[in-house]
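A short write-up of the structure that comes next.
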Amino acid sequence: MENLDAVRDDWLRQIAAAGSADALEQLRVTILGRNGQLTALLKTLGGLAPDERKTRGAALNALKATVEEALGAAKRSHDRAALDQRLKEERIDVTLPVKAEIDGRVHPISQTIDELIAIFGEMGFTVAEGPHIEDDFHNFTALNIPAEHPARQEHDTFYLTPRAADGSRKVLRTHTSPVQIRTMMETKPPIRIIVPGRTFRSDHDATHSPMFHQVEGLVIEKNIHMGHLKGCLIEFCRTFFDVDDLPVRFRPSYFPFTEPSAEVDIGCSREGGGLKIGAGADWLEILGCGMVHPKVLANCGLDPAEYQGFAFGMGIERIAMLKYGIPDLRTFYESDLRWLRHYGFLPLEQPSLVSGTR
Ligand code: PHE
């Protein structure tokens with residue numbers, strides 16, 4: 001009969017000498033596998049006398065346990081060595097600066113709205129919103145736009161069917177001014193709001209889109225006059241376009257819902273084909289404004305003898321195009337990633353008056 005001590009020493013030596021996890025696995029099969037050496041030894045038990053079988057069997061089981069333990073320990077030490085090796089090779093240099101990977105960009109419309117909120121927010125305005133689908137009363141009648149006004153004609157306005165019992169139809173709001181009405185009817189003055197949002201007109205060419213954005217402004221207090229309107233809008237234009245001495249001109253105009261009304265122009269030059277804001281002798285129209293019409297105040301239940309105020313409205317695409325040199329209105333809505341990467345803004349650079357609005 002074979003000397004089990006010698007067999008064990010031989011196997012342990014082989015296990016200790018195994019140079020890799022693969023070699024260890026090979027050894028495990030050779031010793032403990034179905035046709036392995038230990039299995040063969042176990043098979044010889046059958047031919048022994050009962051007493052002898054008992055002692056030999058116990059010795060073989062002990063041998064098996066020893067070998068299994070040695071194989072397990074050797075495997076763990078191989079795994080640990082392999083991990084150590086990997087950790088050594090895969091060292092990460094945490095002092096290397098991160099290469100910022102910014103996939104998204106803020107659309108110029110969103111950015112411009114954030115800038116408007118930052119500028120007017122500093123002057124005490126809050127943001128108000130209203131529905132895109134409006135009724136005739138809020139979009140037109142309450143704003144002193146009579147039935148025969150051209151803005152009511154099919155060609156400017158998207159009307160919704162069906163008609164109400166009184167024959168009126170809902171409309172996609174043609175401007176943000178209906179939110180003036182909603183605010184004045186719902187809140188008591190003092191009122192100081194801006195209303196950025198979508199507006200809709202049945203118009204489509206290089207400078208008109210059937211959907212575009214406006215920002216409305218409304219201030220209602222007891223002693224508000226034209227001087228406040230001018231101061232507020234001059235301040236806005238200079239801050240938004242970032243030109244301290246930007247020339248700003250108020251040109252008499254007409255809106256049904258303001259009296260007097262004005263259009264605001266800013267100074268620019270068009271020399272050499274390029275538009276430059278703030279210099280030169282040319283003017284560029286950027287917004288409409290005026291003192292809220294007494295009829296509009298009365299329509300909202302406010303006493304024009306007690307309250308006054310001013311309102312303004314401007315196209316967001318237009319001022320964004322002027323500020324950021326975007327030549328074509330239609331590109332705003334094409335969702336072209338190349339355009340967005342070029343004209344878009346970094347999401348972490350939020351506009352503020354401290355860090356600058358652009
Ligand atoms: N609602 C007007 C427009 O769409 C703009 C405006 C608003 C003018 C408020 C004066 C006051 O053209």
Revision key, fill the gap. Of those in the range 233-251 that are closer than 14 Å to PHE120 by Cβ and surrounded by fewer than 20 Cβ atoms within 10 Å (Cβ to Cβ), the residue farthest from the chain's Cα centre (by Cα) is ILE234
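Residue by residue, here is whether (1) assigned to a loop (DSSP other than H, G, I, E, B); (2) open to solvent by 50 Å² or more (accessible area, probe 1.4 Å); (3) farther than 30 Å from ILE316 by Cα; (4) without any contact (Cβ under 8 Å) to a residue 24 or more places away in the chain holds:
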{"position": "ARG13", "(1), (2), (3), (4)": "no, yes, yes, yes"}
{"position": "VAL29", "(1), (2), (3), (4)": "no, yes, yes, yes"}
{"position": "ALA58", "(1), (2), (3), (4)": "no, yes, yes, yes"}
{"position": "LEU71", "(1), (2), (3), (4)": "no, no, yes, no"}
{"position": "ASP84", "(1), (2), (3), (4)": "no, yes, yes, yes"}
{"position": "THR95", "(1), (2), (3), (4)": "yes, yes, yes, yes"}
{"position": "GLY104", "(1), (2), (3), (4)": "yes, no, no, no"}
Exercise for review: Scan (1) of a type outside the set (Phe, Trp, Tyr); (2) more than 16 Å from the ligand (Cβ to nearest atom); (3) open to solvent by less than 30 Å² (accessible area, probe 1.4 Å) for the single condition MET291 breaks and write down its number.
Suggested key: (2)
Review point. Does GLY278 satisfy the criteria of being in contact with a Leu (Cβ under 9 Å, 6 or more places away or on another chain) and touching a residue at least 60 places away in the same chain (Cβ under 8 Å)?
Key: no
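Residues to consider are THR174, THR161, THR157, THR199; find the one that is more than 16 Å from the ligand (Cβ to nearest atom) and among the polar types (S, T, N, Q). Spell out the reasoning first.
Details: THR174 fails: more than 16 Å from the ligand (Cβ to nearest atom); THR157 fails: more than 16 Å from the ligand (Cβ to nearest atom); THR199 fails: more than 16 Å from the ligand (Cβ to nearest atom).
None of the others qualify; the one that does is THR161.
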Check your understanding: Could you say which residue among GLN308, GLN350 is within 16 Å of the ligand (Cβ to nearest atom), surrounded by 12 or more Cβ atoms within 10 Å (Cβ to Cβ) and touching a residue at least 24 places away in the same chain (Cβ under 8 Å)?
Key -> GLN308
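How about the range 124-154: which of its residues are assigned to a helix (DSSP H, G or I), surrounded by 13 or more Cβ atoms within 10 Å (Cβ to Cβ) and either more than 15 Å from the ligand (Cβ to nearest atom) or not hydroxyl-bearing (Ser, Thr, Tyr) (or both)? Write out each step before concluding.
Residues of the range 124-154 assigned to a helix (DSSP H, G or I): 136-139, 141-143, 150-152.
Next, from what is left, pick out any that are surrounded by 13 or more Cβ atoms within 10 Å (Cβ to Cβ): 136-139, 141-143, 151-152.
Those that are assigned to a helix (DSSP H, G or I), surrounded by 13 or more Cβ atoms within 10 Å (Cβ to Cβ) and either more than 15 Å from the ligand (Cβ to nearest atom) or not hydroxyl-bearing (Ser, Thr, Tyr) (or both): ASP136, PHE137, HIS138, ASN139, ALA142, LEU143, ALA151, ARG152.
Based on this model, can you work out whether SER177 counts as at pLDDT 95 or above and crowded, with 18+ Cβ neighbours inside 10 Å? First the steps, then the outcome.
On the way: at pLDDT 95 or above: yes; crowded, with 18+ Cβ neighbours inside 10 Å: yes.
In short, yes.
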Check your understanding: Can we say SER168 is open to solvent by less than 80 Å² (accessible area, probe 1.4 Å) and either without any contact (Cβ under 8 Å) to a residue 24 or more places away in the chain or closer than 30 Å to GLY301 by Cα (or both)?
Key -> yes
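GLU263: within 20 Å of ILE113 (Cα to Cα) and within 16 Å of the ligand (Cβ to nearest atom), yes or no? Steps first, answer last, please.
Details: within 20 Å of ILE113 (Cα to Cα): no; within 16 Å of the ligand (Cβ to nearest atom): yes.
No; evaluated as a whole, the condition is false for this residue.
The values are calculated or read from the model by the stated rules, or taken from the named source; none is laboratory data. Quantities reported herein were computed from a predicted structural model and do not represent experimental measurements. We place every Cβ from the backbone using ideal geometry, glycine too, and count neighbours over all the protein chains shown. Note: accessible area is taken over every heavy atom of the protein model, side chains too, but ligands, DNA and RNA are not part of it. Shrake-Rupley method; radii C 1.70, N 1.55, O 1.52, S 1.80 Å.
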